[in-house]
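The values are calculated or read from the model by the stated rules, or taken from the named source; none is laboratory data. What you are looking at is a predicted structure, and each value in this text was computed from that prediction instead of being measured. Here the Cβ positions follow ideal geometry from the backbone for every residue, glycine too, while neighbour counts run over all protein chains shown.
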Amino acid sequence: MKKFLLSTLAILLISISVFAQKPQKLTSNQIYEKVQKLNFLGTALYIAAHPDDENTRLIAYLSNNVKARTGYLSLTRGDGGQNLIGSEIRELLGVIRTQELLAARRVDGGEQMFTRANDFGYSKHPDETLEIWNKEAVLSDVVWAIRTFKPDVVINRFDHRTPGTTHGHHTSSAMLSVEAFDIVADSTKYPSQLKYTETWQPKRLFHNISSRSFKSQEAFNEAAKDLISFDIGEYYPLKGLSNNEIASIASSQHLSQGFGRLTTRGSQKEYVEFLKGDSLKVKNDVFAGINTTWSRLKNGSSIGKILKDVEDNFDFINPSKHLPKLMLAYSMIKDLEDNHWRTIKEKQIKEIIEACAGLYIEASANSSSGTPNSKIDVNFEILNRSDVNIQLTSIISELDNNEIFKGFNLTKNTKFTFKETVALKTTAYTDPYWLRKEASLGMYAVDNQELIGLPETPGISKISYKLIIDFIPITISKNIIRRYAESDKGEIYEPYQVLPEVTTKIKNKVLIFSDSIPKNIDVEVRAGIPFVQGKVSLKVPENWSVTPTEVNFNIEQKEDVQTVSFLVTPPKTASEGKLEVVAVSKGKSYDKELVEINYNHIPKQSVLLNSEAKVVRLDIKKAGNKIGYIKGAGDAVPESLRQIGYTVEIIKPLDINEENLLKYDAIVLGIRAYNVVDELKFKQKFLLEYVAKGGNMIVQYNTNRNVDVAAPYPLKLSRDRVTDESADVLILAEDNPLMNFPNKITNEDFNGWVQERGLYFPNIWHEAYVPVLSMNDKGEHMKLGSLLIAKYGKGNYIYTGLSFFRELPAGVSGAYRLFANMLSVGKEVSK
């Protein structure tokens, strides 16, 4: 399990734990705050493009100070970003960043939504973004989010009036929000949505503006006179934290993006600009003039009177004394005609009732997964820690609707435990719903309207507990979980998953054949149940061959793995295709790979992907053999280089010294190494000495944020990038060894690149560097800094912003050939 340091403050927050799936257990202070929130009937929606775009300061302020129901609509899941904590990229990174957003919302009190937009990487203009995304589909998702969340106010993170000045995704999120604001109340727009919801019209639309949008602080100060402002440094005695401290902790959940940060406190202003809607008569209150009390609902005033009395006279020592009034209010909420608010407030008050009663309710399985239509043993625990009369009448599994009658009187602090067998009557798995169908470059394919926008797949292993509290029936639902302990970690909670009986895996997702010699390809077969057996076969592309045609497997224990091997023979000429694994057991075919993502700051994730690998018959030559690799922010380049026959050793920063480096034919620094490996600034002298003595050093891209790559000659990093992966490439230095030895590089080698050409190119450099390539996005000037080489002493120093960390794992032939040339500079071709 990968480990990360959490701040002391984060550990102190009960809503955060080392294992993020641990259920929340509310203190009296937290119960009181939830009662306050129960009595506020106003909703705000914050809209931006990516995970970590959200302003956690403002979300925390609206949720904790104003007490509004506050949501964040992130148009994407951040699939196109980089990953500072592991090697997961693309859709797996999107799964991680989805969970990091949910972790942030657990801290700041917000709720989370998405559209189907796929983060395809950096975009320089909203025109490009909206063409790749399918503007109409993403707009429909924004309209759907507003119609279902029903915000009174909408706040955009970015400015819709400044296309081309920032990330195209950013501006697009604001443009779509402005357009959606004007059409959500129109029943002729996306009428199919109205089978599940109704039209809605927010009262106001705002832009969350900052001084960064102005040329000078003076210009911003002048503009701020007409803006709405909040002091988001408000201190909350009930929490012992300031709003901006909460916001910092929430933002720090984005660990994959390197957002771990110090907390801040003290007075701090946040500004919003009124864009459209009802005029704001009272400044500094986005809800001014909007009825946010219970009286906005028919028959709501009487409920509000009861709950206001609970709030005004709340007993922090004995919250259970409020249960009679809370149960009365609950019974009245269930009779509300307004379905939207009834659903929201019923959920909120149930949580308060459960906490006031000190109820502990748990359904724990012996393992963290089961298979469709199987049966599992579930251990139940239920405990009433109050003086209030509570009965458990029955439990119902929502999977099979089987009701098991109990009739327990839950006497104070007496634990009731029992075991029942639950049938998993479902054909559905619990993998991320947006990954079940093949996505396009810009969009995920989700056909079920009711799933669109949900942050994760709804739990299908729910247990409903039918209770009677103070003579009023109430039903509380919980998901089945797995709870266990490890001696070095303590108590661990894991979500319960429904997964296939058989999954398979080819370890390497790209298999490179540099010649026509056959390779043994191992396939791992994993059992989702005990005593599973069958046959597994490997489909190969045309002109490739495989033996044997199928292999038997027989696995006795659940979660055990058996490895089987196939001999794959490539054609004699260049070729690309897919290997596809199919397992058959009991007459049923299985073609999925199980990927488990397990980080301490998010719940364990189980992802099902197609069980396949890309195969490439590559015409490639190389010189040298032994490569030293210094890891940066996490990439799969070392594994890719091993695919073409290099011996790659990972060098720990502390082991960098003159003697240790001499054994390598080349040294490669991973992406963002100077950004994330502090020790490098103390070790750079050894690296440069290695080059001066004849070594070959390759530095992959770093961001330009306060970093010194300590190159042998000056160079300055910029934010220059080429985002069009098919942009024309001009070879400037046709005679340079990088373009000729040992592979002749031509423009064909730049075909088939993915997501981008490269990023953070240097834009100023010493004359000792030779720019090798030139490229640019449409309408921009040529950028010459993607690949620079300089002679230093007897060796060669290479700096590149080309996105090899994406191209090599994707099996891009030309990227392999070019990287082999970079490693081979100054050497003879290996025989």
Going through region 603-635 in order, the residues found to be closer than 20 Å to residue 675 by Cβ, crowded, with 22+ Cβ neighbours inside 10 Å and modelled with pLDDT under 95 are 632, 633, 635
Flagged in region 304-334 as over 22 Å from residue 390 (Cα atoms) and either touching an Asp or Glu at 6+ places or on another chain (Cβ under 7 Å) or charged (D, E, K, R) (or both), in numbering order, are 305, 308, 309, 311, 312
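So that you can scan it fast, the table gives a plain yes or no per residue for (1) surrounded by 17 or more Cβ atoms within 10 Å (Cβ to Cβ); (2) assigned by TED's automatic domain parsing to the domain that holds residue 102:
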{"position": "249", "(1), (2)": "yes, yes"}
{"position": "272", "(1), (2)": "yes, yes"}
{"position": "277", "(1), (2)": "no, yes"}
{"position": "283", "(1), (2)": "no, yes"}
{"position": "297", "(1), (2)": "yes, no"}
{"position": "301", "(1), (2)": "no, no"}
{"position": "324", "(1), (2)": "no, no"}
{"position": "329", "(1), (2)": "yes, no"}
If we keep only residues of region 636-695 that are free of Cβ contacts under 8 Å to residues at least 12 places away in the same chain and touching a Pro at 6+ places or on another chain (Cβ under 9 Å), then the residue surrounded by the most Cβ atoms within 10 Å (Cβ to Cβ) is 682
Checked 389, 384, 379, 366 against criteria (more than 30 Å from residue 294 (Cα to Cα), at pLDDT below 95 and not assigned by TED's automatic domain parsing to the domain that holds residue 112); the one match is 366
Among 407, 453, 442, the single one that is at positive phi, touching a residue at least 60 places away in the same chain (Cβ under 8 Å) and not aromatic (Phe, Trp, Tyr) is 453
Given the conditions (1) buried (at least 24 other Cβ atoms within 10 Å of the Cβ); (2) over 17 Å from the mean Cα position of the chain (by Cα); (3) without any contact (Cβ under 8 Å) to a residue 60 or more places away in the chain, every one holds for residue 72 apart from (2)
key: Boolean, residue 306 is part of a helix (DSSP H, G or I), on the phi < 0 side of the Ramachandran plot, touching a Lys or Arg at 6+ places or on another chain (Cβ under 8 Å) and touching a residue at least 12 places away in the same chain (Cβ under 8 Å)   = yes
Of the conditions (1) polar (S, T, N, Q); (2) under 25 Å from residue 150 (Cβ atoms); (3) surrounded by 20 or more Cβ atoms within 10 Å (Cβ to Cβ), the single one that residue 293 does not satisfy is (3)
For region 310-322, pairs from a residue that is farther than 20 Å from residue 40 by Cα to a residue that is aliphatic (A, V, I, L, M) and at pLDDT below 95, with Cβ under 7 Å and 6 or more apart or across chains, are 320/388
_Against the definition (farther than 30 Å from residue 752 by Cα, at pLDDT 90 or above, among the aliphatic types (A, V, I, L, M) and out of contact with any strand residue (DSSP E or B) (no Cβ under 6 Å at 6 or more places or on another chain)), how does residue 451 come out, yes or no?_
yes
Scanning region 696-711 for residues that are of a type in the set (Gly, Ala, Ser) and either surrounded by fewer than 16 Cβ atoms within 10 Å (Cβ to Cβ) or touching an Asp or Glu at 6+ places or on another chain (Cβ under 7 Å) (or both) gives 710
The correct count of residues that are within 15 Å of residue 497 (Cβ to Cβ) and touching a strand residue (DSSP E or B) at 6+ places or on another chain (Cβ under 9 Å) in region 583-608 is 13
Taking the stated definitions as given, is residue 594 touching a residue at least 40 places away in the same chain (Cβ under 8 Å), surrounded by 17 or more Cβ atoms within 10 Å (Cβ to Cβ) and not assigned by TED's automatic domain parsing to the domain that holds residue 645? yes
Scanning region 329-377 for residues that are of a type in the set (Phe, Trp, Tyr), closer than 20 Å to residue 31 by Cβ and not in a strand (DSSP E or B) gives 330
Matching residues in region 323-335 (out of contact with any strand residue (DSSP E or B) (no Cβ under 6 Å at 6 or more places or on another chain), within 20 Å of residue 412 (Cα to Cα) and in contact (Cβ under 8 Å) with a residue 40 or more places away in the chain) number 2
The residue that is nearest to residue 233 (Cα to Cα), considering only those in region 303-319 that are surrounded by 13 or more Cβ atoms within 10 Å (Cβ to Cβ) and not charged (D, E, K, R), is 314
Of the conditions (1) farther than 29 Å from residue 164 by Cβ; (2) in contact (Cβ under 8 Å) with a residue 12 or more places away in the chain; (3) surrounded by fewer than 19 Cβ atoms within 10 Å (Cβ to Cβ); (4) of a type in the set (Ser, Thr, Tyr), the single one that residue 213 does not satisfy is (1)
Selection over region 500-534 where residues are in a loop (DSSP other than H, G, I, E, B), surrounded by fewer than 22 Cβ atoms within 10 Å (Cβ to Cβ) and under 30 Å from the mean Cα position of the chain (by Cα) yields a count of 5
- Query: Just wondering, is there one or more residues in region 230-246 that are free of Cβ contacts under 8 Å to residues at least 40 places away in the same chain, crowded, with 18+ Cβ neighbours inside 10 Å and either in contact with a helix residue (DSSP H, G or I) (Cβ under 8 Å, 6 or more places away or on another chain) or not assigned by TED's automatic domain parsing to the domain that holds residue 96 (or both)?
  - Reply: yes
For region 475-499, the count of residues that are farther than 30 Å from residue 636 by Cβ, outside any strand (DSSP E or B) and hydrophobic (A, V, I, L, M, F, W, C) equals 1
So, first residue assigned by TED's automatic domain parsing to the domain that holds residue 576 in region 527-554, second residue of a type in the set (Val, Ile, Thr) and in a loop (DSSP other than H, G, I, E, B), Cβ within less than 7 Å, six or more apart or across chains; the pairs are 528/371; 529/371; 537/549; 546/540
The residue that is nearest to the chain's Cα centre (by Cα), considering only those in region 365-387 that are over 18 Å from residue 499 (Cβ atoms) and surrounded by 20 or more Cβ atoms within 10 Å (Cβ to Cβ), is 380
Within region 186-200, residues being surrounded by 15 or more Cβ atoms within 10 Å (Cβ to Cβ) and part of a loop (DSSP other than H, G, I, E, B) number 5
Q) Scanning for something buried (at least 22 other Cβ atoms within 10 Å of the Cβ), out of contact with any helix residue (DSSP H, G or I) (no Cβ under 8 Å at 6 or more places or on another chain), farther than 30 Å from residue 756 by Cβ and of a type in the set (Asp, Glu), does region 149-162 turn up at least one residue? A) yes
The one condition residue 142 fails out of (1) outside any helix (DSSP H, G or I); (2) under 22 Å from the mean Cα position of the chain (by Cα); (3) of a type in the set (Val, Ile, Thr) is (1)
